[in-house]
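Here is the structure we will look at, set down as structure tokens.
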Amino acid sequence: MHDLTQGSILNHLVRLSVPIAIGMLFQTLYVLIDLYFVAQLGESAIAGVGAAGNAQFLIMALTQVLGVGTMALIAQASGRKDREDANLIFNQSLLLAIVLALATLLGGYALTAPYMRSLAADAATVDAGITYLYWFLPGLALQFALVAMGSALRGTGIAKPTMLVQMLTVVLNAVLAPIFIAGWLTHKPLGVAGAGLASSISIGVGVLLMYLYFVRLEKYVGFDPAMFRARLAAWKRILRIGLPPGGEFALMFVYLGIIYWVIRHFGASAQAGFGIGMRVMQAIFLPAMAVAFAVAPIAGQNFGGGHGHRVRETFRAAAILGSAIMFMLTLLCQWRPEWFIHGFTTDPAVIAVGAEYLHIISWNYVASGLIFTCSGLFQALGNTVPALLTSATRLITFVVPAVWLSTWPGFELKHLWFLSVTTVTLQTLLSLWLLRGELRKRLVIVPMVEAVNSVPT
């Protein structure tokens, strides 16, 4: 365990966020590698995998429930130096991972077909999306165990093992993708099915590697048979913190589903261009998300240890660092957004949609970075409801106007992107306001705790 209640906040942010960013980058490469090889199969395949990939946000919502609750509680326990509670939360999170994995498999295979039929622009896109998800679902189910173990390590201030595992699994996926998708070596191309299969195998190897790390190297938290039975009180603690962030990702699933539904009349090329642009944007967001992911354990340990001034300092440092990074990325997307799209397709119509999307949506980047940072602080404080409330406001400010705009005779795709910029700005202002109130309320007791801790014994 790394004690984050001592030393430079900025140094802790950099030490944690760099491996987290690298790990998240390699995790994003799962989708980008698949998308690259799938792109060679045509626009229907791109659109199908892109629309099916949106379902991953629903799974990410469930992994967030597990991961955020586990990380926050273990970080707070580590700050209190309560190793027994940290181990209890870790083992209970693994039980929850098993339950959620089974639910993913059952629900996924039952709902994939109707989901794709409701969004896709044509029959070929429907078939591609269904095939991809059927083969990717085992990998999505295995992600729960991977998230539980990685979140436990992050809560104790450790990020490098997770990064290394993610790097190795992505390298494996990069090797398997052309073999399965295009039939390299085997001369039996599986198409989009191969994309899902390559990712599922790679994630399975990742779970195995993380298991071996915990068995052989991890000392602070670990597998304990005595704690490996359901304890509903611990589940409630995890879910109380984790459910709101999970709700945020579920809302993202809704937002993206609405966009795919609204733009379906523009054809497969529009859905393909948006799908590539959205995946590229997710990769661009990684630096800011990594900083936010580092904020949560740092602020969480200091909140658990009663160091209120360090909690505030963590937010200030992360907000400045994240905003600076996102501002530079905004300038890049304003200058040459088409560069990011050319790597995946040569179709002029697809490139035009994707480049326009990145050019307009890049005005969101700094605001999005601040939203991520606020979310990390809410997780550290153990109250994630405000972050969910700010995301839910977009049901009114984005979804309703988007559907209304789509009925206009002169409706264009860019109208959606400008609407998104406006609504994210409003969400940022609300997030900052709610965080200010939360810090005032929850850090009132901290000076008392610090005073007690400073009394000589």
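Observations, loosely collected:
- In region 182-195, the residues that are surrounded by 21 or more Cβ atoms within 10 Å (Cβ to Cβ) and at pLDDT 85 or above: Gly194
- Within region 417-441, the set of residues being open to solvent by 60 Å² or more (accessible area, probe 1.4 Å) and among the charged types (D, E, K, R) comprises Arg436, Arg440, Lys441.
- Criterion (at pLDDT 90 or above, farther than 30 Å from Leu239 by Cβ and either assigned to a loop (DSSP other than H, G, I, E, B) or not acidic (Asp, Glu) (or both)) met by exactly one of Ile351, Ile361, Ile341: Ile361
- Against the conditions (1) open to solvent by 10 Å² or more (accessible area, probe 1.4 Å); (2) among the polar types (S, T, N, Q); (3) farther than 21 Å from Val65 by Cβ, Gln282 satisfies every one except (3).
- Residue that is nearest to the chain's Cα centre (by Cα), among those in region 1-30 that are modelled with pLDDT of 75 or more and β-branched (Val, Ile, Thr): Ile20
- Close pairs (6 angstrom Cβ cut-off, 6 or more residues apart or separate chains): in contact (Cβ under 8 Å) with a residue 12 or more places away in the chain in region 296-309, of a type in the set (Asp, Glu) and assigned to a helix (DSSP H, G or I) anywhere: Gly306/Glu450
- Test: residue in region 365-388 that is within 23 Å of Thr422 (Cβ to Cβ), assigned to a helix (DSSP H, G or I) and open to solvent by 60 Å² or more (accessible area, probe 1.4 Å): no
- For region 214-238, taking the residues that are in contact with a helix residue (DSSP H, G or I) (Cβ under 7 Å, 6 or more places away or on another chain) and crowded, with 16+ Cβ neighbours inside 10 Å, the one that is farthest from Ile89 (Cα to Cα) is identified as Phe214.
- Options Val165, Val170: the member that is part of a helix (DSSP H, G or I), in contact with a helix residue (DSSP H, G or I) (Cβ under 8 Å, 6 or more places away or on another chain) and open to solvent by 10 Å² or more (accessible area, probe 1.4 Å): Val165
- Of the criteria (1) modelled with pLDDT of 90 or more; (2) open to solvent by 30 Å² or more (accessible area, probe 1.4 Å), which one Thr156 fails: (2)
- Pair list, Cβ < 8 Å and 6+ apart or interchain, from region 216-244 residues that are farther than 22 Å from Phe378 by Cα to residues that are open to solvent by 50 Å² or more (accessible area, probe 1.4 Å): Tyr220/Met1; Tyr220/Arg83; Val221/Arg83; Gly222/Val215; Phe223/Val215
- Taken over region 1-18, residues that are in a loop (DSSP other than H, G, I, E, B) and touching a residue at least 24 places away in the same chain (Cβ under 8 Å) amount to 5.
- A single member of Phe315, Phe418 is touching a residue at least 40 places away in the same chain (Cβ under 8 Å), closer than 26 Å to Ile238 by Cα and of a type outside the set (Val, Ile, Thr), and it is Phe315.
- If you filter region 326-355 down to residues that are over 20 Å from His415 (Cα atoms) and surrounded by 21 or more Cβ atoms within 10 Å (Cβ to Cβ), you find that the one that is nearest to the chain's Cα centre (by Cα) is Met326.
- Counted residues, region 392-416 - those being at pLDDT 90 or above, open to solvent by less than 30 Å² (accessible area, probe 1.4 Å) and either under 21 Å from the mean Cα position of the chain (by Cα) or hydroxyl-bearing (Ser, Thr, Tyr) (or both): 1
- The condition (being open to solvent by less than 30 Å² (accessible area, probe 1.4 Å) and either of a type in the set (Phe, Trp, Tyr) or modelled with pLDDT of 90 or more (or both)) is satisfied by just one residue among Ala97, Ala113, Ala45: Ala97.
- Taking region 256-268 as the range and being at pLDDT below 85 and crowded, with 19+ Cβ neighbours inside 10 Å as the test, the residues that pass are Leu256, Gly257, Tyr260, Arg264, Ala268.
- Boolean, Leu358 is crowded, with 24+ Cβ neighbours inside 10 Å and within 18 Å of Leu256 (Cα to Cα): yes
The values are calculated or read from the model by the stated rules, or taken from the named source; none is laboratory data. No experiment lies behind these values; they were computed from the predicted model shown. As a convention, Cβ positions derive from the backbone with ideal geometry for all residues, glycine included, and neighbour counts pool all protein chains shown. Just the protein is used for accessible areas: all its heavy atoms, side chains included, with ligands, DNA and RNA removed. Shrake-Rupley method; radii C 1.70, N 1.55, O 1.52, S 1.80 Å.
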